[in-house]
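Student: Mind having a look at this structure? Questions to follow.
All of the numbers you see were taken from the coordinates with simple rules; none came from a lab. Computed from a predicted structure; not experimentally measured. Positions of Cβ are backbone-derived with ideal geometry, glycine not excepted, and every protein chain shown enters the neighbour counts.
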C-alpha cells in the first residue's frame with residue numbers, strides 16, 4: 001500500500017511553505033504526495049518547484065483550485081493558470097492534475113487543449129455534478145481522463161459507503177488514486193476541519209473499513225497541526241489497515257508491513 005498526504009493538510013500552520021511540507025512527508029516515509037495549488041493568486045511556489053524537490057515519491061498529483069475559484073477567473077487568467085499546470089506536470093513528472101467537475105468546464109473540451117494528465121474527483125453532498133456514477137461516466141467519456149475516488153465525499157451521500165464500492169466497481173481501471181479523510185461532526189459545517197479531519201482523532205472507521213482496494217495510491221487530505229500529528233495518523237492507519245488485511249487473509253501469523 002502506498003500512502004501519503006496532501007500538502008493542504010498543513011493549511012492551518014502559519015508560514016509552513018510547500019517545500020517544508022514535502023520534506024516533512026518525505027521524512028515520515030510517505031511514498032506518494034499531492035501538491036495543493038488551491039489559491040490561483042498564490043502559485044509562484046509551483047512555478048519554482050524543481051524535480052529534485054519531489055524526488056523519492058512514486059506518485060505525485062497536483063490539486064487545482066476548486067470550481068468556485070476557477071469560475072471567478074477571466075479567460076486570460078484561466079489560460080495562464082492552466083499553462084502553469086502543464087509546465088509543472090512536465091517539469092515535475094507528475095502522475096495527474098486533479099480538477100473538480102463544474103460548469104466552468106463546459107463540455108470539458110478545454111482540458112483537452114492542454115497537454116497534462118487529468119483526473120476528475122467525485123464530489124460531496126454540497127455539489128450536484130460528479131456525485132453519481134452516471135455523472136462521472138458522462139464526464140470521463142469526454143476525454144482521456146482518470147478519476148480520483150474521494151471516500152469522504154462518498155460518505156456525505158451514503159453513510160453505508162456502498163457508493164464508494166459502486167464507483168470502484170464501475171471505474172476501477174480509471175481510478176488514479178483515493179482521497180481519504182475523516183469527519184468531525186461535532187464541528188460546524190462552516191469549518192474545514194468538519195469535512196477533512198484525521199482518523200486518529202475522529203475514529204470514524206466506517207470510511208476506512210470500506211476502502212475498495214489497497215492497490216491504488218492513497219492521499220490523506222486532512223487537517224493537521226504539525227508533523228507529529230502526521231506521524232501519529234500514519235501509525236494509526238497502518239495498524240488499522242494491517243488488521244483489515246489480516247482478517248481478510250484469516251492467517252494469525254499475518255504481519256504485513258506497509
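Student: Taking N as the number of residues in the stretch 135-229, what is its alpha-carbon radius of gyration divided by 2.2 N^0.38 Å?
Tutor: 1.13
Student: If you wrap the stretch 70-170's Cα atoms in a convex hull and average its projection over all directions, what's the area in nm²? List each step's numbers first, then the result.
Tutor: On the way: hull surface 26.5 nm².
One quarter of the hull surface, i.e. the mean projection, equals 6.6 nm².
Student: Follow-up question, since we're still on this one. Do the sum for the chain: with -39,500 (n - 2.57) for every DSSP H run of n ≥ 4, divided by all residues, what is the mean residue ellipticity at 222 nm, to the nearest 500 deg cm²/dmol?
Tutor: Taking each H run of at least 4 residues, the total per residue is -11000 deg cm²/dmol.
Student: By how many degrees, between 0 and 90 and to the nearest 10, does the Cα long axis of helix 18-27 differ from the longest principal axis of the chain?
Tutor: 30 degrees
Student: What percent antiparallel are the DSSP beta bridges of the stretch 3-249, to the nearest 5?
Tutor: 5 percent
Student: Here's something else I'd like to know. Compute the long axis of helix 227-249 from its Cα atoms, compare it with the longest principal axis of the Cα atoms of the chain, and write down the angle in degrees, 0 to 90, nearest 10.
Tutor: That helix lies at roughly 60 degrees to the long axis.
Student: Could I ask something else about it? For the stretch 1-92, calculate the relative contact order in percent as a whole number, restricting contacts to Cα pairs under 8 Å that are 6 or more residues apart.
Tutor: 29 percent
Student: Looking at the stretch 1-91, I'd like the Rg to Rh ratio, where Rg is from alpha-carbon atoms and Rh is Kirkwood's inverse mean 1/r. Walk me through the numbers on the way to the answer.
Tutor: Working: Rg = 13.5 Å, Rh = 13.8 Å.
Checking Rg against Rh, the ratio lands at 0.97.
Student: For the Cα atoms of the chain, what angle does the longest principal axis make with the long axis of helix 162-171, in degrees from 0 to 90, nearest 10?
Tutor: Roughly 60 degrees between the two axes.
Student: Applying a 10 Å radius around every beta-carbon, put 107-113, 222-228 in order of their mean neighbour count, most first.
Tutor: The densest-packed peptide leads the list: 222-228, 107-113.
Student: To continue, here is another question. Considering the convex hull of the alpha carbon atoms of the chain, report its projected area averaged over all viewing directions, in nm², one decimal.
Tutor: Computed as one quarter of the Cα hull surface, the answer is 13.5 nm².
Student: When only C-alpha pairs under 8 Å and at least 6 residues apart count, what is the relative contact order of the stretch 3-249, in percent?
Tutor: Computed over the stretch 3-249, the figure is 19 percent.
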